Amino acid sequence: MQDSGGQGRNQDSVAEPEPRPGLSRRRLFGAIGAGAVLAGTGAAVGRLTIPEAAASTAQTVPFRGEHQAGIVTPAQDRMHFVAFDVITDSRDELVEMLKKWTSMAERMTAGEEATEDGAIGAGEYKPPSDTGEALDLHASKLTLTIGFGPSLFATDGKDRFGLAGKRPAALTDLPKFTGDALDPARSGGDIAIQACADDPQVAVHAVRNLARVGFGVVAVRWSQLGFGRTSSTSTSQTTPRNLFGFKDGTRNIKAEDPAAVSEFVWVDPNDDQAWMAGGSYLVARRIRMLIEPWDRTTLHEQERVFGRSKGSGAPLGEKDEFSPLNLEAKGAGGKPAIDTDAHVRLASAEELGGIQILRRGYNFTDGTDGFGHLDAGLFFIAYCRDPQKQFVPMQQNLARNDALNEYIKHVGSAVFAVPPGVGDGGYWGSTLFD
């Protein structure tokens, strides 16, 4: 249902040309478009005939800017998230890798190969410097967002790269919340990369090439694939549904609300460390959904747990999804229309003294748990200006009281400092390392 990659290509009515030596992804699109026009079938054959300029504009998200892309960017449909351990003790090697990553990331988000003619241009007797699986694909609105974990700054009291004095106070490992069943193999990390795109192969290609060139400097600690965004970060997007079938993120911060974004997402120059000005903090939580018991639960109970109608997404007692959340409304027998332990109530700004976060979660399915159950759920990502003051109190409230806890289990957790956007001549982390 969500796959826009291989199926779409197979259904095209025009044969794809074979990539030629020296032909970049963008140049390949141009050649395809020209061929289709000559054949007189340009408007009818789908994505491969989109003119080069139009495709470039529609399918790319600018890489450089004040803030990193992939935070308030309208959420794409697919995600590949990866956390790395840094395995070198050399600060110079780490910085050199970050510079290579930046160059490759800028190219790939523009729809280019990771390196110039990297897939085949170096000849048959050298390993390619681009793995090649995205050669015939658009940029697909790829964004790559980097974050640095607390352990990069110091581990067991050791200042690993001369960064300990630059660790922001807000960048502290999250506490263990009630009910957490965290797997260390799915938690933490020195560096995180969030790759989001509308084509899963484009996102995977980007992460794969960054991991490849980072050999000897970093090693993959854990990763997560995601599909079907579970929140909308723009008013241009409809509200998606999570794997429990409920609309998710109706009241999420939207990019079109700059006041809220400024107050709750971007780090202010006066907050703490100057190098983080314009950045944010990323909280990742792998939330296993206990699908089987949920699917045996009545609709009435499901709606009571969430506090919303499953069909419309409206708060209970209301008709419209975007109706204000009236926590004082009374239902049958004078009881609260939205129960006191309903998820929507406990996560609301009204309940939390005005706290808000920006969410960019994705659904996941990873086979089975070995006991006959689906290993599926929500890969929750939140961006916030200070996770200790926003996410932590929100999650504490949910962990202690949320009726939804009967049907979910938190199994992975991590927090990362996301530096500001890369300016001209800068590289990922240049405000931290230079």
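The combined condition, being touching a residue at least 12 places away in the same chain (Cβ under 8 Å), closer than 18 Å to Arg186 by Cβ and assigned to a strand (DSSP E or B), is fulfilled by Gly377.
Checking the conditions here, which among Ala211, Ala206, Ala192 is in contact with a helix residue (DSSP H, G or I) (Cβ under 7 Å, 6 or more places away or on another chain), outside any loop (DSSP other than H, G, I, E, B) and open to solvent by less than 40 Å² (accessible area, probe 1.4 Å)?
Among Ala211, Ala206, Ala192, only Ala206 is in contact with a helix residue (DSSP H, G or I) (Cβ under 7 Å, 6 or more places away or on another chain), outside any loop (DSSP other than H, G, I, E, B) and open to solvent by less than 40 Å² (accessible area, probe 1.4 Å).
Identify, please: which residue in segment 399-434 is among the polar types (S, T, N, Q) and under 23 Å from Pro175 (Cα atoms) and is, among those, surrounded by the most Cβ atoms within 10 Å (Cβ to Cβ)? Checking each candidate, the answer is Ser413.
Apart from one condition, Gly65 fits all of (1) buried (at least 17 other Cβ atoms within 10 Å of the Cβ); (2) farther than 23 Å from Gly188 by Cα; the exception is (1).
Condition first: under 23 Å from Pro184 (Cα atoms) and among the acidic types (Asp, Glu). Now tell me which residues in segment 401-415 satisfy that.
Answer for segment 401-415, where residues must be under 23 Å from Pro184 (Cα atoms) and among the acidic types (Asp, Glu): just Glu406.
Residues of segment 303-325 include none that is within 27 Å of the chain's Cα centre (by Cα), surrounded by fewer than 21 Cβ atoms within 10 Å (Cβ to Cβ), in a strand (DSSP E or B) and at negative phi. Would you confirm, using the coordinates I've provided, whether Arg345 is touching a Lys or Arg at 6+ places or on another chain (Cβ under 8 Å) and buried (at least 20 other Cβ atoms within 10 Å of the Cβ)? No: the conditions fail for Arg345. Among the residues of segment 270-291, just one is surrounded by fewer than 14 Cβ atoms within 10 Å (Cβ to Cβ) and out of contact with any helix residue (DSSP H, G or I) (no Cβ under 9 Å at 6 or more places or on another chain), namely Asn270. So for segment 126-140 (the condition being within 21 Å of Tyr281 (Cα to Cα) and surrounded by 21 or more Cβ atoms within 10 Å (Cβ to Cβ)), does at least one residue qualify? The answer is no, given that none of the residues of segment 126-140 is within 21 Å of Tyr281 (Cα to Cα) and surrounded by 21 or more Cβ atoms within 10 Å (Cβ to Cβ).
Inspect all residues belonging to segment 347-362 and state whether any of them is out of contact with any Gly (no Cβ under 7 Å at 6 or more places or on another chain), free of Cβ contacts under 8 Å to residues at least 60 places away in the same chain and either over 30 Å from Asn270 (Cα atoms) or among the basic types (Lys, Arg) (or both). Within segment 347-362, not a single residue is out of contact with any Gly (no Cβ under 7 Å at 6 or more places or on another chain), free of Cβ contacts under 8 Å to residues at least 60 places away in the same chain and either over 30 Å from Asn270 (Cα atoms) or among the basic types (Lys, Arg) (or both).
For (1) under 30 Å from Thr340 (Cα atoms); (2) at pLDDT below 95; (3) polar (S, T, N, Q), each residue gets a yes or a no:
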site	(1), (2), (3)
Asn242	yes, no, yes
Gly249	yes, yes, no
Lys254	yes, yes, no
Phe264	yes, no, no
Asp271	no, no, no
Ala274	no, no, no
Asp295	yes, no, no
Lys319	yes, yes, no
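Checked against the criteria, Ala332 counts as without any contact (Cβ under 8 Å) to a residue 40 or more places away in the chain, exposed (fewer than 13 other Cβ atoms within 10 Å of the Cβ), over 23 Å from Cys384 (Cβ atoms) and not polar (S, T, N, Q). Number of residues in segment 141-160 that are open to solvent by 10 Å² or more (accessible area, probe 1.4 Å) and assigned to a loop (DSSP other than H, G, I, E, B): the value is 6.
Only a single item in (1) of a type in the set (A, V, I, L, M, F, W, C); (2) within 15 Å of the chain's Cα centre (by Cα); (3) not in a strand (DSSP E or B) is not met by Ala181, and it is number (2). Would you call Asp85 farther than 30 Å from Ile253 by Cβ, part of a strand (DSSP E or B), open to solvent by less than 50 Å² (accessible area, probe 1.4 Å) and at pLDDT 95 or above? Answer is yes for this residue.
Listed residues Val265, Val283; which is among the β-branched types (Val, Ile, Thr), in contact (Cβ under 8 Å) with a residue 24 or more places away in the chain and touching a His at 6+ places or on another chain (Cβ under 9 Å)? Full working, then the answer.
Numbers: Val283 fails: touching a His at 6+ places or on another chain (Cβ under 9 Å).
Residue meeting the stated conditions: Val265.
Scanning segment 381-434 for residues that are assigned to a loop (DSSP other than H, G, I, E, B), at negative phi and small (Gly, Ala, Ser) yields Gly421, Gly423, Gly426.
Tally up the residues in segment 214-243 that are assigned to a loop (DSSP other than H, G, I, E, B) and without any contact (Cβ under 8 Å) to a residue 24 or more places away in the chain, please.
Counting residues in segment 214-243 that are assigned to a loop (DSSP other than H, G, I, E, B) and without any contact (Cβ under 8 Å) to a residue 24 or more places away in the chain gives 3.
Inside segment 349-373, can you point out the residues that are surrounded by fewer than 12 Cβ atoms within 10 Å (Cβ to Cβ), in a loop (DSSP other than H, G, I, E, B) and either touching a helix residue (DSSP H, G or I) at 6+ places or on another chain (Cβ under 9 Å) or of a type in the set (Ser, Thr, Tyr) (or both)? Listed by number, the residues that qualify are Gly353, Gly372.
The values are calculated or read from the model by the stated rules, or taken from the named source; none is laboratory data. For clarity, every value in this text was computed on a predicted model and none was experimentally measured. So basically every Cβ, Gly included, is an ideal-geometry build from the backbone, and we count neighbours across all protein chains shown. These area figures cover heavy atoms from the full protein model, side chains too; ligands, DNA and RNA do not enter into them. Shrake-Rupley method; radii C 1.70, N 1.55, O 1.52, S 1.80 Å.
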